[in-house]
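Have a look at the structure below before the remarks.
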Amino acid sequence: MKRYLLAALLAGVGATSVMAEDGYRLWLRYDRVESRETRSDYRGAVEAIVVQTPTGEASPTIDALKAELARGLDGLIGRDPTVHLVAGETRDDLGADGYALTNVTVDGDDAVRITANSDAGALYGAFALLRKMQLRESLDALDEVSVPKIDRRLLNHWDNLNRFVERGYAGFSLWEWNYLPDILSPRYTDYARALASVGLNGTVVTNVNANALVLTPEYLTKVKALADVFRPWGIRIYLTARFSAPMEIGGLETADPLDPAVQAWWDAKVAEIYEHIPDFGGFLVKANSEGQPGPWEYGRDHADGANLLAKPLAAAGRDGIVMWRAFVYAFEDTTDRVKQAYNQFVPLDGKFADNVLVQIKNGPLDFMPREAFSPLFGATPQTNQMVELQITQEYLGASIQLAYLGTMWEEVLDQDTYVAGEGSTIGKVVDGSLFNHPVSAIAGVANTGDDRNWTGHPLAQANWYAYGRLAWDHELGARDIATEWTGLTFDADEEASTQIVDLLMGSRETVVNYSMPLGLHHIMERGHHYGPGPWVTGGRADWTSPYYHQADEVGLGANRIASGTNAIEQYAPELQEQWGQLANVPDELLLWFHHVPWDYEMRSGRTLWNELALRYQQGVDEVRAMRATWADLRGGIDEERWDAVRQRLALQEKDAIEWRDACLLYFQQFSQRPLPEGVEAPAYDLQHYIDVDRRFFPGHPGDY
Ligand code: BDP
């Protein structure tokens with residue numbers, strides 16, 4: 001019997017149809033393909049691969065490249081072509097990490113040449129070649145040059161040392177701290193491959209709500225073990241630094257950045273880290289925010305704090321950086337929360353060391369489904385700035401709901417700040433080109449965990465992928481990325497692929513519609529942040545919902561123009577003009593900037609109240625349409641992932657209905673108007689929704 005089973009399994013090995021599609025392979029599936037144009041199996045086109053770097057020498061990264069090509073080409077075409085390493089001149093057009101793909105012949109055979117100025121660049125070129133083949137693109141007349149616009153392309157893991165992932169919805173942390181450094185999960189390598197395949201080159205493995213323990217000798221040995229696995233794949237490791245570490249693990253009585261003993265402690269600590277990890281990337285710091293310690297305790301400012309850590313990194317001469325977060329707000333500060341970071345950081349322009357980057361969330365509040373962008377972007381021309389995006393769906397449905405975030409990030413990165421005239425996009429602020437900064441970086445808060453498929457929701461892998469591709473080139477289009485990802489991830493025909501891409505493309509706006517339409521924000525349930533909570537009050541004001549929605553008998557929305565908090569004054573005049581006037585502001589940001597009367601006539605000709613109600617309804621209708629599309633896709637992709645998504649979409653419909661009914665019943669108390677025609681009547685009264693109690697929701701720090 002056993003033998004029979006084994007034979008059956010072996011017989012099935014080559015046939016993809018019987019392979020479990022559990023999502024583990026991500027977008028690196030490497031199943032057998034043939035070129036779409038020639039219907040050939042590519043064999044003639046890649047008899048050999050030439051890898052040209054300035055040294056032409058082997059290295060651990062070149063070994064990784066060879067291993068990936070062997071793995072990929074064996075899967076894709078059943079071959080293991082010879083890789084020839086050759087030395088060639090440095091090419092000015094390729095920068096540090098770029099690559100070129102061209103056709104050459106080797107001993108009369110057709111071959112592909114990957115040219116790069118570094119081994120990492122060659123590795124990215126190899127992944128690009130494999131991507132082309134997976135997508136069945138032609139390899140004839142290859143002439144592709146690709147260079148990343150941003151130097152440091154990082155993931156941020158909000159992972160605790162006990163493996164709890166803050167705002168993580170895909171299981172526990174990938175890092176098995178207890179078993180490190182002795183036991184190395186094979187997953188570490190697959191993680192590094194996934195990052196390298198999209199061009200990411202760094203990872204902060206610990207939570208911004210930091211634990212100083214990771215800086216102790218014991219933990220540094222563990223970090224070193226991870227760094228050693230990641231290094232061949234071009235991934236550098238970074239750590240979060242708890243500002244009070246000199247007191248907590250160093251026995252000092254203060255963490256004052258101007259105290260010589262504190263400075264000496266960090267100098268020694270940085271030297272110790274470099275001993276373990278010679279290519280250590282640097283520190284990420286959350287200070288004086290949400291209870292994290294920082295320089296304010298000592299009457300010092302953020303520049304004093306950041307420079308304390310930046311100095312020994314710079315002195316070591318190994319291009320280590322400090323990423324100092326601008327997510328700073330204090331409940332003692334009664335200014336509108338969305339104004340606080342700008343107020344804190346603008347006066348510090350010019351005070352930060354050259355190897356400090358201020359890490360700014362895309363919005364001035366906190367990763368809402370939609371926010372106006374943070375006005376801090378471009379407002380400190382002498383300071384390096386980077387953007388922090390949230391891949392994990394803290395406010396967009398965890399790993400239950402479908403929200404492809406490529407569209408949101410495209411909106412953010414293409415947003416014009418006008419700080420140095422038209423065309424001053426956030427992308428250009430972040431890639432350093434607007435103000436000619438020599439160092440640039442981007443961060444995405446990871447949505448990974450130890451779930452078999454890495455991201456919980458099978459389609460949430462698209463967000464990891466999209467983040468990586470945009471980190472490489474912020475001018476790529478969200479639709480193109482979605483198309484690419486779908487092609488790599490599913491064996492679907494053209495019609496099914498288009499259906500999936502369309503579904504992804506509309507999904508974020510759908511979440512906006514049924515949760516926080518028209519510029520509403522921060523009206524989610526307290527703590528776990530999943531589901532509606534416009535009624536949330538009590539505790540610090542800036543963690544309540546009315547602080548943001550300001551619903552009253554007159555109307556709805558936050559007044560951020562001159563008659564209100566005047567947060568709008570932090571934007572360029574062009575934007576004040578667009579957003580400050582009711583007549584000009586787009587519907588999407590209406591209630592972000594304005595307190596609007598319930599009967600205000602919208603562009604659609606409807607009153608605000610009716611428009612609001614219909615947007616919530618539209619969100620629900622869109623989820624139903626997504627379900628129908630997905631039902632139709634059955635058989636077009638593998639059953640396993642199809643069914644996982646089907647179940648999630650069904651729950652998403654329930655959730656969308658809950659959002660709609662809860663929010664409309666709540667706001668109706670103020671509007672005192674009936675629901676317009678076309679909006680379904682809620683099944684329960686308001687109290688029912690207030691009483692919904694989601695316990696032990698994943699990712700919620702309060703529950704652990
Ligand atoms: C908020 C999260 C919290 C994070 C914080 C941050 O709710 O868990 O620690 O952001 O970014 O969105 O520091």
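The numbers here are math on the coordinates, done by the rules we state, and not lab data. On a predicted model such as this, the values are computed, not experimentally measured, just so you know. Here Cβ is always computed from backbone atoms with ideal geometry, including for glycine, and neighbour counts include all displayed protein chains.
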Quickly rank 516-527, 415-426 as a protection proxy: mean count of other C-beta atoms within 10 Å, highest first. 516-527, 415-426
With a ≥ b ≥ c from the Cα gyration tensor eigenvalues, square-rooted, and the rule rounded for a/c under 1.5, otherwise prolate when a/b > b/c and oblate otherwise, region 551-704 is prolate
Diffusion coefficient, µm² s⁻¹, Stokes-Einstein with Kirkwood Rh over alpha-carbon pairs of region 19-146 at 25 °C and 0.890 mPa s: 167 µm²/s
Quick P(r) readout (region 152-480; Cα-Cα; 20 Å bins; whole %) gives 33, 61, 6
Difference of contour (0.36 nm per residue) and Cα-Cα distance, ALA681 to ALA20: 233.7 nm
Going by a ≥ b ≥ c, the root eigenvalues of the Cα gyration tensor, does the chain fall in the rounded group (a/c under 1.5), the prolate group (a/b larger than b/c) or the oblate group? oblate
Net charge near PRO217, counting Lys/Arg +1 and Asp/Glu -1 over other residues with Cβ under 15 Å of its Cβ? -1
Could you tell me what percent of the DSSP beta bridges with both partners in region 19-146 are antiparallel, to the nearest 5? 50 percent
Net charge within 12 Å of ASN288 by Cβ-Cβ distance, Lys/Arg positive one each and Asp/Glu negative one each, not counting ASN288 itself? -3
Going residue by residue through region 208-215, the Karplus relation 6.51 cos²θ - 1.76 cosθ + 1.60 with θ = phi - 60° gives ³J(HN,Hα) values, rounded to whole Hz and with x marking Gly or Pro, of 5, 7, 8, 10, 5, 3, 5, 8
Computed label-point distance, nm, for sites ILE183 and ALA87 using a 7 Å Cα→Cβ extension: 4.5 nm
Cross-chain or 8 or more residues apart, Cα under 23 Å: how many lysine pairs in the chain fit that? Count them up, please. 22
Packing-ranked peptide list from 179-186, 567-574, 55-62, highest mean Cβ count within 10 angstrom first, is 567-574, 55-62, 179-186
Taking only the alpha carbons of region 126-271, the radius of gyration and the largest Cα-Cα distance, Dmax, both in angstrom, are 19.0, 67
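Using 1/(1 + (r/R0)^6) with R0 = 41 angstrom and r between the beta carbons of ASN103 and GLU588, what's the FRET efficiency to the nearest 0.05?
0.35
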Rounded to the nearest 500 deg cm²/dmol, what is the calculated helix-only ellipticity per residue at 222 nm for the chain, with -39500 (n - 2.57) per DSSP H run of length n ≥ 4? -11500 deg cm²/dmol
Give, as a single signed number, the net charge of other residues whose beta carbon lies under 14 Å from the beta carbon of PHE164, with Lys and Arg counted +1 and Asp and Glu -1. -3
